[in-house]
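As structure tokens, the structure follows; a few thoughts come after it.
The values are calculated or read from the model by the stated rules, or taken from the named source; none is laboratory data. Quick caveat, the model's predicted, so the values are computed rather than measured. For neighbour counting, all protein chains shown are included, and Cβ atoms are generated from backbone atoms with ideal geometry for every residue, glycine included. SASA here: full protein model, heavy atoms, side chains in, ligands and nucleic acids out. Shrake-Rupley method; radii C 1.70, N 1.55, O 1.52, S 1.80 Å.
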Amino acid sequence: QVQLVESGGGLVQAGGSLRLSCAASGRTLGGYAMAWFRQAPGKEREFVGGAPWNGLITYRTDSLKGRFTISRDNTKVYLEMNSLEPEDTAVYYCAVRYGPPVAVTTSYVYWGQGTQVTVSS
């Protein structure tokens, strides 16, 4: 069993920055990917990006890659968000799966409780 705890969300003005953190506990994560998803009100949960145990970080789109940076330190994963836009307002979730990061929510077994990010215009 893996427990995930996200932190770092909050209210920020458009153009600002936030850094989210996710800490995993309960087992070692060798071979597991740690990923970030987000869910805006009334929308489906979507993949932001993910960090494999070894290898390149994956982002959902190039535009996100230009503003968001994912990094990982063993059982912790971070999401650095810059140039935030109101459209980035969502609950951000950390998730873990065995294997590489993928964009399919049902592929992830473990989820955090989420942290709210609100970007005001």
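The table that follows gives values for the structure above.
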read-out: Residue satisfying all of: in the range 37-74; hydroxyl-bearing (Ser, Thr, Tyr) and modelled with pLDDT under 95; farthest from ALA14 (Cα to Cα) among these; value: THR58
read-out: SER71 open to solvent by 40 Å² or more (accessible area, probe 1.4 Å), small (Gly, Ala, Ser) and either in contact with a Leu (Cβ under 7 Å, 6 or more places away or on another chain) or within 19 Å of SER121 (Cα to Cα) (or both); value: no
read-out: Residues satisfying the stated conditions in the range 3-51, i.e. open to solvent by less than 30 Å² (accessible area, probe 1.4 Å) and over 16 Å from the mean Cα position of the chain (by Cα); value: VAL12, GLY16, LEU29, GLY31
read-out: Selection within the range 42-63 - closer than 20 Å to TRP111 by Cβ and either aliphatic (A, V, I, L, M) or part of a helix (DSSP H, G or I) (or both); value: VAL48, ALA51, ILE57
read-out: Check on ARG67, under 18 Å from GLU6 (Cβ atoms) and either without any contact (Cβ under 8 Å) to a residue 40 or more places away in the chain or of a type in the set (Lys, Arg) (or both); value: no
read-out: Of all residues making up the range 1-37, the number that are part of a strand (DSSP E or B) and β-branched (Val, Ile, Thr); value: 2
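Residue-wise test of (1) out of contact with any helix residue (DSSP H, G or I) (no Cβ under 6 Å at 6 or more places or on another chain); (2) under 24 Å from SER17 (Cα atoms); (3) modelled with pLDDT under 95.
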residue: VAL77; (1), (2), (3): yes, yes, no
residue: GLU80; (1), (2), (3): yes, yes, no
residue: LEU84; (1), (2), (3): yes, yes, no
residue: CYS94; (1), (2), (3): yes, yes, no
residue: ARG97; (1), (2), (3): no, no, no
residue: VAL102; (1), (2), (3): yes, no, no
residue: THR105; (1), (2), (3): yes, no, no
residue: GLY114; (1), (2), (3): yes, yes, no
